[in-house]
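K.L.:
Below: one structure in structure tokens.
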Amino acid sequence: MKKYKFNGVEKVFLGVTLKQIVCVTAFSSVSVNEIGGWLEKESSLEQSGNAWVYKDAKIYGDARVSGNAKIYGNARVYGDARVSGGAQVYGYARVSGDAWVYGYVEVYGYAQVYGNAKIYGNARVSGDAQVYGSARVSRDALSTSKVKTINSQFHHVTITDSHIQIGCKMKTIKQWGRTTVKQVLEMDGEISAKAWKKSKPFIMMLAGE
């Protein structure tokens, strides 16, 4: 059973024809005849689940919104981006490229998530933050209004307001500040230990420590 249909209202946005949706089957907090946002095509928003695109929000390209995700305000999801789970994208936020936003994430303000970035868990990305490249922001990174990323030959580094993720290891900024070369050697071997000895001052400086 379909939960929405196109109501016949269209507009051109950045050269793309977008169609407005209207709810035809009540679900979650959405009522029958409630006017929704703008999609380029039906595959932009999953017909099953509780996902919804509200009023001025726009989904286009090959982007897809599913699960229980909610897109509202002036938010845009486009390119090949995926937003799912209980994620919320709102304000003037943008999710694009091959980015994935899932879990109970919130992306809002003027934040931008793009490239191959992945935001998941309970992370919050806000303000003017930009998350891009192969960055990963996970469940421990709350209230993130700044994100810095570093690509190196050894590991990808993502720095948020309160955490640093190096490769697959995430710790608070203070925890990384206390992490010694010897500890990295025991955790991850000689190559990582040498890289940490060389890069730690720069990483901690970027993190504001």
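K.L.:
Based on the Cβ-Cβ distance from TYR104 to GLU186, what FRET efficiency comes out when R0 is 35 Å, to the nearest 0.05?
P.N.:
In this case the efficiency is close to 0.55.
K.L.:
Of the cross-linked pairs LYS70/LYS169; LYS148/LYS174; LYS58/LYS169; LYS5/LYS118, which ones have a Cα-Cα span greater than 25 Å in the structure shown?
P.N.:
LYS70/LYS169; LYS58/LYS169; LYS5/LYS118
K.L.:
With Cα Rg over 2.2 N^0.38 Å as the read-out, I listed [x] 1.11; [y] 1.17; [z] 2.07; which label goes with the value calculated from this structure?
P.N.:
Read-out taken from this structure: [y].
K.L.:
When the Karplus curve 6.51 cos²θ - 1.76 cosθ + 1.60 is applied with θ = phi - 60°, which whole-Hz ³J(HN,Hα) does each residue of the range 124-129 get, with x for Gly and Pro?
P.N.:
Once θ is set to phi - 60°, the couplings for the range 124-129 become 10, 10, 8, x, 9, 4 Hz.
K.L.:
Quick one: net charge of ALA69's neighbours, Cβ under 13 Å, K/R +1, D/E -1?
P.N.:
+1
K.L.:
More than 20 angstrom separation, counting every C-alpha pair in the range 147-209; what % is that?
P.N.:
Distances greater than 20 Å cover 13 percent of the Cα pairs.
K.L.:
So what is the relative contact order for the range 1-48, in percent, with contacts set as C-alpha pairs under 8 Å and at least six apart?
P.N.:
36 percent.
K.L.:
Right, something else. Using r as the Cβ-Cβ distance of GLU42 and LYS169, and R0 as 41 Å, what FRET efficiency do you calculate, to the nearest 0.05?
P.N.:
0.50
K.L.:
Between 0 and 90 degrees, rounded to the nearest ten: what's the tilt of helix 190-206 against the longest Cα principal axis of the chain?
P.N.:
So the inclination is approximately 70 degrees.
K.L.:
In percent, what relative contact order does the chain have, based on Cα pairs under 8 Å that are 6 or more apart in sequence?
P.N.:
8
K.L.:
Still on this model: Give, as a single signed number, the net charge of other residues whose beta carbon lies under 11 Å from the beta carbon of LYS197, with Lys and Arg counted +1 and Asp and Glu -1.
P.N.:
+3
K.L.:
By the scheme Lys and Arg +1, Asp and Glu -1, what is the net charge of all other residues having a beta-carbon under 12 Å from that of LYS19?
P.N.:
Local net charge: +1.
FYI, it's all coordinate maths here, none of it is from the lab. This is a predicted model, so every value here is computed, not measured. Note that each Cβ is placed from the backbone with ideal geometry, even for glycine, and that neighbours are counted across all protein chains shown.
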